1. Please report V193, V174 as a ranked list, fewest other C-beta atoms within 10 angstrom at the top and most at the bottom.
2. Among R176, R38, rank each residue by its count of other Cβ atoms within 10 Å, from fewest to most, as a rough exposure measure.
3. Give me the number: length gained by fully extending T150 to R69, i.e. 0.36 nm times residue separation minus the C-alpha to C-alpha distance, one decimal in nm.
Amino acid sequence: MPLRRLAVFTVALLLAGCAAQVPPVQVTRFHLGQPLARGDVAVEPRNPTEANSLEFRNWAEAVSAELARLGFRLAPGVARSELVAVIDVTRAFRSEMGGGSPVSVGIGGGGFGGNVGIGGGVSFPIGKAKSRDLVMTELSVQLKRRSEGTVIWEGRARSEARAGTPYAEPSATVRRLAAALFDDFPGESGRTVTVK
């Protein structure tokens, strides 16, 4: 029985460790404070030259899925929709210095005589401090009225993850950002919240 409890505890600890590694998402939203009618909406890129790119199609699918979940009807083109969701994704890279060099060597000495002990030690780092490349991804979405171009809702979601991890992969990251951005839609205007 104690061995089984230990196994369950170990699995729970591992799952908690995996969950803790998911980077948080910072979300900021702005709106007019009025109810938003769920109408027809088309999704387009901020930069029109990206409209046919594979990247934009992945981003548009993530945003479209969230809008559909909220009750918006997806329209195939701007001319047929009441609303336009203009999306933009930016990715930036930066290096973060680690907490010191990867290896330390200690030198110590000690002596004893009778009941008295003496000891000491010195350590110094070997090698350079490790740097980690971090990827910052930001998704911004504006909902505009097609007729006059008025922005009725706007939001930004951003997250930072270590390069080379699943949390830095562009498509999966944008899906996670879109889910966080449209969570509790329309959200509190002008406030930045952290979604984990």
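1. V193, V174
2. R38, R176
3. Result for the pair: 26.8 nm of gain on full extension.
Since every read-out is calculated from the coordinates, none of them should be taken as a lab result. Quick caveat: nothing in here was measured; it's all calculated off a predicted structure. For neighbour counting, all protein chains shown are included, and Cβ atoms are generated from backbone atoms with ideal geometry for every residue, glycine included.
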